[in-house]
Amino acid sequence: MDTGQVITFTGSDKTIVVIVGVVALVALAISFVLRAGVLAAGKGSPRMQEISEAVQEGAAAYLGRQFRTLGIFVVVVFALLFVLPANSTGERIGRSIFFLVGAGFSAAIGYTGMWLATRANVRVAAAANGEGRERAMQIAFRTGGSVGLATTGLGLLGASVVVLVYVAEAPKVLEGFGFGAAMLAMFMRVGGGIFTKAADVGADLVGKVEQGIPEDDPRNAATIADNVGDNVGDCAGMAADLFESYAVTLVASLILGSAAFGTKGLIFPLIVPAIGVLTAIIGVYITRARASESGLATINRSFYISALISAVLCAVAAFVYLPTTFDGLGVAAVQGLPGNPAVIAFVSVIIGIVLAAVILWLTGYYTDTNKKPTQEVAKTSLTGAATVILSGISVGFESAVYTALVIGAAVYGAFLLSGSLFVALFCIALAGCGLLTTVGVIVAMDTFGPISDNAQGVAEMSGEVSEEGAQILTDLDAVGNTTKAITKGIAIATAVLAATALFGSYSNAIGDALASAGGAALDAAAGMSSFISDIVSPNTLVGVLIGAAVVFLFSGLAVNAVSRAAGAVVNEVRRQFRDIPGIMEGTNKPEYGKVVDIVTRDSLRELATPGLLAVFAPIAVGFGLGTGPLAGYLAGAIGTGTLMAVFLANSGGSWDNAKKLVEDGHYGGKGSEAHSATVIGDTVGDPFKDTAGPAINPLIKVMNLVSVLIAPAIVTLTVGDGANDAVRIIISLVAVLVIIAAIVVSKRRASVLTG
């Protein structure tokens, strides 16, 4: 919204932005140093290297095909962004170009995460076999640290370049940057999630349940595809997801910061994540396992230390850079407001940092093998698969409530820091920036999981790791399951904070567009008043229901896609056991490539429908029902998406670790009826925690960004001289038809095996 503030840069302002850019480059340099250290580690035996190379080949082939598929969407959206309203030609061009940059950075982060993880797995297995737990854990965590610093480095570099070049137009140009990052991340999350869980479910159901062989037994044709999936789903998908969280939160912060704090509000949100880069470097290097503590305790300690350092440095930055009165900001809209901007900004950042720490503890409590909830889920395996599933669902429901309350408290606490709507929304965005000071360590924690899982797979398939080394890898894998659940919880928190801030940006866009459409007689305040009256109308409830329904439909499409692809994997693995003699005796090898090909083709074919739903649903609601119902739509999607994402992630994480407990010898151990029950629970949880749940994070932000981008066009066609109901309704109907066609095609689609 227009605050009467002209954004201009002084020499010192430019210097700060340049320093932020340099910090981003330092992050990329340290990322390269960590990468070199990982690659210098021993690679184990020739057999272990052979297995690792097969995983590398499959992952690279999948991502290559995925990027070629997504290239079509990127080109189309790039062209459409030129059509949307903009204040100037330069802004329109910059928005489209940086859409490509955001998409490219997101793809690069995803590919980097996959590339390094597929090379770290064999090194972690070799270290566990010959050098012990501490060295194996260090390699796995520093691999994640390399990806984490690349994530923060590219995100910060992109934002600082846009601010330096575009200055006042930077927030609008960054909308394109954030949208590109979010759209690619959503597609990679959905596609990678379908791939990994189709292979995992198929491998478990035939291998463990039907044939009674271990998880990564080389006689199972789906094992290579399963290990490939860990990398394209958890590494590539999650790295891209957290990158877009980083980018979108910066976008929201800069949009609202420039409105509330003027020039300083445009720069301070860059300073906070720059501090996060420095503390992430510290966090990665101080992560050293102690003999007397669990791997999770080691990782948590590093997280808390880096978070504390971030809090101290952010306090220094706030009190040094920001004035002590709102009059000192020079922004007309906040002149005379009570309060200290430096204190308000600092407390906002602290709220975000504390939120990350609380979610880390809360998620760990519900999914850790050493905590009561997951132990209770494992205990229910004594009475069968049904009770395992019911108890896991209960854990997911309960944890979702507490997590949502914690996130809601953080949002409301930040909102209460100021009586001004401008400043309150900026406080929420700054809380998101505070949470993102920990993102480097968060990515390291997430990547740690699939690397440990893959390392265990390499060890088991090669048969060349000692019993002690195998136990080390099993323990690290269990830790990885919990860290993955934790990072999913933190990711949904960033999604809520970013989406709430973007919701404020959406209202700003509506207010500006209404003022512009109404001419001199309708100022921005009157425009916002009209917008607010629209929000409280009964039509808005319709938008809320549709937004909530879209989250359910999106989740259903993702889980159903896994079900269809997993069915194809089950049939293929069964066929190979039946038709290829000597597989069970180990005298003949299964055809791994056929399973990889099935899940590759199925996952790439299935990812289009959820993606089209995310982009076209807000278009249909906005142009068809108006700006108020679209606001309701976003509110419904944010609220329902938060609960759904946490429920899916934590129930799945609890089922997975319950299985680990039984496999460690509890309640009958491997091969028992209890073990079969937990395997079935885990196969239900796999698409929950690794496909549908994580994909909701970028879904929420994609829908919010689409709404911000189309808001001026909706207003133009609704009020003023440009009003045209016919065009507005046609656009809405076309969007609805696209969604219906995509869903119908998805429902009728047969698996590649039988189609």
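Kindly indicate which of Val331, Val358, Val272, Val316 is without any contact (Cβ under 8 Å) to a residue 40 or more places away in the chain, out of contact with any His (no Cβ under 8 Å at 6 or more places or on another chain), of a type in the set (A, V, I, L, M, F, W, C) and within 25 Å of Tyr412 (Cα to Cα).
Of Val331, Val358, Val272, Val316, the one residue that is without any contact (Cβ under 8 Å) to a residue 40 or more places away in the chain, out of contact with any His (no Cβ under 8 Å at 6 or more places or on another chain), of a type in the set (A, V, I, L, M, F, W, C) and within 25 Å of Tyr412 (Cα to Cα) is Val316.
Would you point out which residue out of Glu210, Glu175 is within 20 Å of the chain's Cα centre (by Cα) and either among the hydrophobic types (A, V, I, L, M, F, W, C) or farther than 22 Å from Leu607 by Cα (or both)?
Only one candidate passes the filter, namely Glu175.
Are any residues in the range 415-474 closer than 30 Å to Thr494 by Cβ, outside any helix (DSSP H, G or I) and touching a residue at least 40 places away in the same chain (Cβ under 8 Å), and if so, which ones?
Of everything in the range 415-474, those that are closer than 30 Å to Thr494 by Cβ, outside any helix (DSSP H, G or I) and touching a residue at least 40 places away in the same chain (Cβ under 8 Å) turn out to be Leu417, Ser418, Gly419, Ser420, Thr437, Thr438.
Among the numbered conditions (1) over 12 Å from the mean Cα position of the chain (by Cα); (2) small (Gly, Ala, Ser); (3) at pLDDT below 80; (4) closer than 16 Å to Val101 by Cα, tell me where Ser160 comes up short.
(3) is the only condition that Ser160 fails.
So is Val147 surrounded by fewer than 24 Cβ atoms within 10 Å (Cβ to Cβ), assigned to a helix (DSSP H, G or I) and in contact (Cβ under 8 Å) with a residue 60 or more places away in the chain or not?
Judged against the criteria, Val147 is not a match.
From (1) farther than 30 Å from Ile224 by Cα; (2) more than 23 Å from the chain's Cα centre (by Cα); (3) in contact (Cβ under 8 Å) with a residue 60 or more places away in the chain, pick out the condition that doesn't hold for Arg95.
Answer for Arg95: the failing condition is (2).
Of everything in the range 76-92, what is of a type in the set (A, V, I, L, M, F, W, C) and over 23 Å from the mean Cα position of the chain (by Cα)? Give them in sequence order. Quick ask: steps written out before the conclusion?
The first filter runs over the range 76-92 and keeps only residues of a type in the set (A, V, I, L, M, F, W, C), leaving 76-84, 86.
Listed by number, the residues that qualify are Val76, Ala79, Leu80, Leu81, Phe82, Val83, Leu84, Ala86.
Take the range 68-106 and flag every residue that is touching a Phe, Trp or Tyr at 6+ places or on another chain (Cβ under 9 Å), of a type in the set (Phe, Trp, Tyr) and modelled with pLDDT under 85.
Phe73
In the range 276-319, which residues are under 22 Å from Val33 (Cα atoms), outside any helix (DSSP H, G or I) and hydroxyl-bearing (Ser, Thr, Tyr)?
Thr287
Taking Arg35 as the residue in question, decide whether it is modelled with pLDDT of 85 or more, assigned to a helix (DSSP H, G or I), within 23 Å of the chain's Cα centre (by Cα) and surrounded by 14 or more Cβ atoms within 10 Å (Cβ to Cβ).
yes
Please work out which one of (1) surrounded by fewer than 24 Cβ atoms within 10 Å (Cβ to Cβ); (2) at pLDDT 85 or above is the condition Leu634 fails and give its number.
Going through (1) surrounded by fewer than 24 Cβ atoms within 10 Å (Cβ to Cβ); (2) at pLDDT 85 or above one by one, Leu634 breaks only (1).
May I ask you to verify whether Ser391 is more than 30 Å from Gly480 (Cα to Cα) and polar (S, T, N, Q)?
So Ser391 fails the test.
Determine, yes or no, whether Gly58 is within 22 Å of Val248 (Cα to Cα), in contact (Cβ under 8 Å) with a residue 24 or more places away in the chain and either surrounded by 14 or more Cβ atoms within 10 Å (Cβ to Cβ) or among the basic types (Lys, Arg) (or both).
So Gly58 fails the test.
Please verify whether Ser651 is within 30 Å of Tyr365 (Cα to Cα), assigned to a helix (DSSP H, G or I), out of contact with any Ser or Thr (no Cβ under 7 Å at 6 or more places or on another chain) and not charged (D, E, K, R), treating the condition exactly as stated. Spell out how you get there, then give the answer.
Working: within 30 Å of Tyr365 (Cα to Cα): yes; assigned to a helix (DSSP H, G or I): yes; out of contact with any Ser or Thr (no Cβ under 7 Å at 6 or more places or on another chain): yes; not charged (D, E, K, R): yes.
When the stated conditions are applied, Ser651 passes them.
Could you pull out the residue among Leu156, Leu205, Leu164 that is among the hydrophobic types (A, V, I, L, M, F, W, C), surrounded by 24 or more Cβ atoms within 10 Å (Cβ to Cβ) and either assigned to a helix (DSSP H, G or I) or touching a His at 6+ places or on another chain (Cβ under 9 Å) (or both)?
Leu156
Name, by its number, the condition in (1) surrounded by fewer than 24 Cβ atoms within 10 Å (Cβ to Cβ); (2) under 30 Å from the mean Cα position of the chain (by Cα) that does not hold for Asn704.
For Asn704, the failing item is (1).
Which ranges mark the helices (runs of 4 or more DSSP H) fully within the range 527-646 that have 1 or more residues being out of contact with any Asp or Glu (no Cβ under 9 Å at 6 or more places or on another chain), over 30 Å from Lys488 (Cα atoms) and of a type in the set (S, T, N, Q)?
Once the helices (runs of 4 or more DSSP H) in the range 527-646 are filtered for at least 1 residues that are out of contact with any Asp or Glu (no Cβ under 9 Å at 6 or more places or on another chain), over 30 Å from Lys488 (Cα atoms) and of a type in the set (S, T, N, Q), what remains is 539-579.
Considering only the range 208-234, state which residues are of a type in the set (Gly, Ala, Ser) and surrounded by 24 or more Cβ atoms within 10 Å (Cβ to Cβ).
Start the filter on the range 208-234 by keeping residues that are of a type in the set (Gly, Ala, Ser), which leaves 212, 221-222, 225, 229, 233.
Answer for the range 208-234, where residues must be of a type in the set (Gly, Ala, Ser) and surrounded by 24 or more Cβ atoms within 10 Å (Cβ to Cβ): Ala221, Ala222, Ala225, Gly229, Gly233.
The values are calculated or read from the model by the stated rules, or taken from the named source; none is laboratory data. Source: prediction; values computed, not measured. Counting neighbours? That spans all protein chains shown, and the Cβs are built from the backbone with ideal geometry, glycine included.
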